[in-house]
Amino acid sequence: MTTGAQTPYPVRPRRSRLRVVLPLAVAAWLVLEIWLLTMVAGASNGLVVFLILVAGMVLGSIVIKRAGRRAFKNLTETLQQQQSGVAAPESRPNSEGNGLMMLGGLLLIIPGLVSDVLGLPLLVPPVQKAVSRYAERTLERKLREAAAHGSLGDAFQQARMHRPDGKVVQGEVIRDEEPGRAPGDTPQGPPAPLPR
């Protein structure tokens, strides 16, 4: 039975651009990797492709292991210096590219030629410095933009108030505390019925 009032259609939240583009980019990357591997296998043979994939995995695991050891060594040296009361130096010459070196190793471990081509330059120290400077500048710019629009708490408040269905329930919590009872104590009797 209808009452004549039209039911509003629920408002679908707008999908972010990343949620649309990322699956398509991953699918295109996988197709490109498979196509390149078949082209290499057609130009030579399957053994060459297998050796390329195994070499990438071995080299990537060696790189990740080396970067992890270097990061752990830097961490233990820093902790020892702090415990002894010596001021730690601002930056170490070998501590800068550990994250990018691990990323390069991970890209080498992932089977495929495109990931290997992206991972190999990250093992070169000048490329690591250039990429880290670019990432640092980008992060600083994004943080400045976020600070100009308000704090993180303001962003959370806005996200909470503008729900996709448009409903906002406002209210406050009121605690009736009886004298002689601690603020955290709860009454032992049955709960009072909710008013309609």
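The values are calculated or read from the model by the stated rules, or taken from the named source; none is laboratory data. All values derive from a computational prediction rather than experimental measurement. Positions of Cβ are backbone-derived with ideal geometry, glycine not excepted, and every protein chain shown enters the neighbour counts. SASA here: full protein model, heavy atoms, side chains in, ligands and nucleic acids out. Shrake-Rupley method; radii C 1.70, N 1.55, O 1.52, S 1.80 Å.
In this rough spin-label picture, where each label sits 7 Å from Cα along the Cβ direction, the residue 15-residue 130 distance is 3.6 nm.
A protection proxy built from the mean count of other Cβ atoms within 10 Å ranks the segments 103-115, 29-41, most packed first, as 103-115, 29-41.
Remark: accessible surface ordering of 133, 14 (largest first) is 14, 133, probe radius 1.4 Å.
In what sequence, highest mean first, do 15-25, 54-64, 72-82 appear when ranked by Cβ atoms within 10 angstrom?
54-64, 72-82, 15-25
Geometric descriptor of region 14-62, per residue, is 72 Å³ (volume of the convex hull of the Cα atoms). Between residue 22 and residue 54, the FRET efficiency from the beta-carbon distance, with R0 = 35 Å, is close to 0.75. FRET efficiency for residue 84 and residue 148, Cβ-Cβ distance as r, R0 = 45 Å, nearest 0.05? Using R0 = 45 Å, I get an efficiency of 0.60.
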